[in-house]
């Protein structure tokens, strides 16, 4: 097991369960495991012996992001597991900034993966779900049979090139006194969310004290050659460059931050060769919201076409 970070556990926040009681379109009961003094929430649906589809959310969402994909994956006979990252959803939220780092989040989720004992999984990841999820894959490649990547990546910061859209987002997250998470998610969708859906994204964050991780995540993306996670991500890339299992990209057409990032994986990951890569049309950054059922069908078809 990856060594767990020592953190200050004196002020760990836990969103009251009643904050989630109004969410009508996410009927899945959460499960919990404790990792390094933190409670991590996840949903686990479908037959225990079925092929696992691991759905990793990003910033500033939670597993609710996958509510439009889960039914299709279950209908295809799969087991669906979707965790809430530390600081998001129903998972615990340390209030001290010093507890958070990219490395800490990888360590927590690798430990969670080992405790839940995920094996023969298909990873679907987007946004920070890829920065963490691909590190999980490269840490434990034998636990995964295939990968589906959408609107994400594994930056090292070596080139120091930062898209303008990301620079604006990073500055907003760091300095804006107003951080309306539901509205932020809405702005990243091509099809606008309903007021109820916006409220569901706000639910994990009763006050600004709960938003520490959501505020910090953009600052953890490696963007410079001196980034503390550059070496770890470069090492992860060396694993991906030897990854011969199926690897599929499904980037969307309307994401200014990650547009074009799929080509890097198609070029460098051997398992991406001759796969049916596709552009998800009419979808924004949060393509799970815009094209959830379509994505679920594509993933199910991909699993059926690439037996382990």
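Would you mind calculating the gained length between residue 120 and residue 24 on full extension (0.36 nm times residue separation, minus the Cα-Cα distance), in nm to one decimal?
This chain segment gains 31.4 nm when fully extended.
For the chain, what does -39500 (n - 2.57) per DSSP helix run (n ≥ 4), summed and divided by total residues, give at 222 nm, in deg cm²/dmol to the nearest 500?
Using -39500 (n - 2.57) per qualifying helix, the result is -10500 deg cm²/dmol.
Within region 257-272, name every residue whose backbone N is under 18 Å away from a label modeled 7 Å from Cα of residue 158 along the Cβ vector.
Output list for this probe position: 261-270.
Any chance you could list the semi-axes, whole Å, largest first, of the equivalent ellipsoid that the Cα gyration tensor gives for region 160-280, using √(5λ)?
Computed over region 160-280, the values are 30, 20, 13 Å.
Running Debye on region 216-308 with equal point scatterers at the Cα sites and no solvent, what base-10 log of I(q)/I(0) appears at q = 0.12 Å⁻¹?
Reported log10 I(q)/I(0), two decimals: -0.48.
At 7 Å along Cα-to-Cβ for each site, give me the label-to-label distance between residue 308 and residue 273 in nm.
The answer from the label model is 2.3 nm.
Please identify, among 23, 70, 168, the residue showing maximal mean-square fluctuation in a Gaussian network model of the chain using a 10 angstrom Cα cutoff.
Looking only at 23, 70, 168, the biggest GNM fluctuation is shown by 168.
With the crude spin-label approximation of a point 7 Å out along Cα→Cβ, what separation in nm comes out for residue 239 versus residue 39?
Those two pseudo-labels are separated by 3.0 nm.
What is the fewest-to-most order of 290, 11 by other Cβ atoms lying within 10 Å of their Cβ?
11, 290
With a 10 Å cut-off between alpha carbons and a GNM built on the chain, which of 216, 295, 115 moves the most?
115
For a footprinting-style exposure proxy, rank 170, 90 by other Cβ within 10 Å, fewest first.
Details: 170 17, 90 25.
Starting with the residue having the fewest Cβ neighbours, the order is 170, 90.
Cut-off 15 Å, label point 7 angstrom out along Cα-to-Cβ of residue 281: give me the residues of region 228-257 whose amide nitrogen falls inside.
251-254
Between residue 11 and residue 219, what is the spin-label point distance in nm, taking each point 7 Å from the Cα along the Cα→C-beta axis?
The two pseudo-label positions are separated by 1.5 nm.
Sort out for me the Cα centre separation of region 241-276 from region 71-148, rounded to whole Å.
19 Å
For the chain, state the average projected area of the convex hull of the C-alpha atoms over all orientations, rounded to one decimal in nm².
14.2 nm²
Compare 150, 200, 24 in a GNM of the chain, Cα atoms joined below 10 Å, and give the one with the largest fluctuation.
Comparing 150, 200, 24 in the GNM, the peak value goes to 24.
P(r) of region 1-157 in 5 Å steps, Cα pairs, percent per bin?
2, 9, 19, 23, 22, 15, 8, 3, 0
Here, each number is a calculation from the coordinates, and none is a lab measurement. Not measured: the values here are computed from a predicted model. Don't worry about glycine lacking a Cβ; one is built from the backbone with ideal geometry, like all the others, and counts go over all protein chains shown.
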